[in-house]
Amino acid sequence: MSNVRAPRCRPVRVLAAVLLAAAAVDLHAPQLAAQAGTTTGVIRGTVRDPLGDPVAGAIVVVQHRETDLLTSVETSASGTFARALLPPGTYDLTVAAATAGFGTERIEGATLRVGELLDVAVALRVVTAETVTVVSELPPTLDTADVTSSQRVLEDVVDGLPSDGRNFMSLTLLTPGASISQGPDGDALNISGQRGIFNNFIVDGADFNNPFFGEQRGGQRPAFTFNQDAIEELVVVNQGATAEFGRSSGGFVNVITKSGTNELAGSAHYFGQWDEIAAPFPTARGGGRPDFHRNQAGATLGGPLVRDRAFFFLAYDQQAAAETKQATRRVRNPANLRRLERFLQARWPGLFDDEFGPIRRTDDARSLLAKLDLNLDGRHQASLKYNYTWSEQVNGTSTSTRGARRPTGSRATARMRSTAASARC
């Protein structure tokens, strides 16, 4: 998104239209949407001379290290400047006065996070040297106008903490007041005591909600909806959310995925769980070891298509999992169970053949995320993203360990396939 005039974004609109047409092939693909305040940050500040007077007309050049995006802004009569809609990352700022007699100030290594407003105070010096470089790590910004309470989970935390199942929703539990409760079809996220239906999930500025159940896209059944290694930053707002998050009274989960940079980089992972490493069941449950396995593998890759101009990012993840429940059926009176089975077979031959015995459940999933970022010029950027998710769970709609083999009266196979596309400029 940008606050520029529409004609300047015409090439991006063409690209967005193509992507939307591709997404429209799937009737379940949502409409394109984006919210600037949830995906970008703002750098603002003041420029003053040695006497503390504002310097008007000074040129502030802002450079994004990861993609070499260059943009500039001019200070006002009061010496203030602001550059909105900046992607998160590390920035170098160069400040030069319009009149002679002042040196050029440079601030290096300013880190801008998603949704942050970074304040910079620059004092120009009267020096003979042409440039004065200030290598600065700016102190954390305290925005006195921000009434929200939030928890920010950065990339190093996402990469460093173990996660059972590699579902990004588990990371939200690092936020005070966030907990898991039993939902209508699995675990549901509760924030600040609110029901899960009141939460709002946003990924890269686009709505990521399930409109039917009022939960995250994909709901509670799929193992994951995209590769966890694709997360650059995750923010959970647990109270006092501002207007750009929209419509919900519970918590807000805002996820920003990675983008390609001028450096080619990637990752790969494999995680496995097997019944051989599990503890045996207690004797009261019949002993023996559980029969299950889960294998997860995936990779990410990002880099430049055209250096400083166009970047790509790809992320893929896959899971193959299965378990056997009710391997040994333990009841208080086995004789009564056998009597019931004989009665059902005699009264309705063949109808209840599958109702007694072990329950084999699967949990397979695949997900693909593709992203294209463009630096059109110093003030215009475009981002296109495509997300595909497939999930299948045979006998996966019941959480009971004592129920019948087909608890819903059908084959109880849960399948989900969804595609999502978004674009912003």
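The values are calculated or read from the model by the stated rules, or taken from the named source; none is laboratory data. Computed from a prediction, not measured in an experiment: that's the story for all the values here. Cβ placement follows ideal geometry from the backbone for every residue including glycine, while neighbour counts extend to all protein chains displayed. Ligands, DNA and RNA are stripped out before the accessible areas are found, and what is left, the full protein with its side chains, is counted by its heavy atoms. Shrake-Rupley method; radii C 1.70, N 1.55, O 1.52, S 1.80 Å.
The strands (runs of 3 or more DSSP E) falling completely within segment 211-282 that include 1 or more residues that are closer than 25 Å to Lys371 by Cβ and modelled with pLDDT under 90 map to 231-239, 252-257. Filter segment 96-118 down to residues that are touching a Gly at 6+ places or on another chain (Cβ under 9 Å) and open to solvent by less than 10 Å² (accessible area, probe 1.4 Å) and give me whichever is nearest to Ala382 (Cα to Cα). Among those residues, the one meeting the criterion is Val114.
Taken over segment 338-385, residues that are part of a strand (DSSP E or B) and open to solvent by 70 Å² or more (accessible area, probe 1.4 Å) amount to 2.
Give the residue that is surrounded by the fewest Cβ atoms within 10 Å (Cβ to Cβ), with candidates limited to residues of segment 121-150 that are under 24 Å from Gly109 (Cβ atoms) and at pLDDT 80 or above. Here the answer is Ala121. For segment 74-81, the count of residues that are within 30 Å of Val235 (Cβ to Cβ) and open to solvent by less than 50 Å² (accessible area, probe 1.4 Å) is nonzero. With respect to the conditions (1) touching a helix residue (DSSP H, G or I) at 6+ places or on another chain (Cβ under 8 Å); (2) at pLDDT 90 or above, Val60 falls short on a single one, namely (1). Pick from segment 219-233 the residues that are acidic (Asp, Glu) and out of contact with any Asp or Glu (no Cβ under 6 Å at 6 or more places or on another chain): which of them is most open to solvent (accessible area, probe 1.4 Å)? The residue in question is Asp229. Against the conditions (1) at pLDDT below 85; (2) part of a loop (DSSP other than H, G, I, E, B), Asp187 satisfies every one except (2). Inspect segment 308-315 for any residue being open to solvent by less than 80 Å² (accessible area, probe 1.4 Å) and part of a loop (DSSP other than H, G, I, E, B) and give the result as yes or no. Yes, segment 308-315 contains a residue that is open to solvent by less than 80 Å² (accessible area, probe 1.4 Å) and part of a loop (DSSP other than H, G, I, E, B). In summary, strands (runs of 3 or more DSSP E) completely within segment 40-98 and bearing 2 or more residues that are touching a residue at least 40 places away in the same chain (Cβ under 8 Å) occur at 41-48, 69-74, 80-86, 89-96.
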